[in-house]
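Taking it in order: structure first as structure tokens, then the write-up.
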Amino acid sequence: MIFGYTEAEISAFFLSYGVGAFILFMLFIIGHLAWESKAGRFGTFVLYMGLGVGFLGFLAKYLIQWWLEK
């Protein structure tokens, strides 16, 4: 136990909120990368689409998990 929490509780917290926060940080990084490289509309779209597919996979994991537990 660490600070009164089990390892499973800590892992569940960081797998939900920690990865979500990391995805938001990645949105900032990709936006900054597109701005600095002057990627244009299409280049920015492609950069965000790559992250968006990963983000949809992350959300799909929770939806599938909820559906299987239901």
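Please treat every number below as a calculation from the coordinates, not as lab data. Computed from a predicted structure; not experimentally measured. Note: ideal-geometry Cβ built from the backbone for every residue, glycine included; neighbour counts use all protein chains shown.
Here is how the numbers come out for the structure above:
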{"quantity": "Which listed residue, of L24, L47, L51, L59, is aliphatic (A, V, I, L, M), assigned to a helix (DSSP H, G or I) and more than 12 Å from the chain's Cα centre (by Cα)", "calculated": "L47"}
{"quantity": "Qualifying positions in the range 13-70 - of a type in the set (S, T, Y) and surrounded by 11 or more Cβ atoms within 10 Å (Cβ to Cβ)", "calculated": "S16, S37, T44, Y48, Y62"}
{"quantity": "Filter result for Y17 (touching a residue at least 12 places away in the same chain (Cβ under 8 Å), in a helix (DSSP H, G or I) and not aliphatic (A, V, I, L, M))", "calculated": "no"}
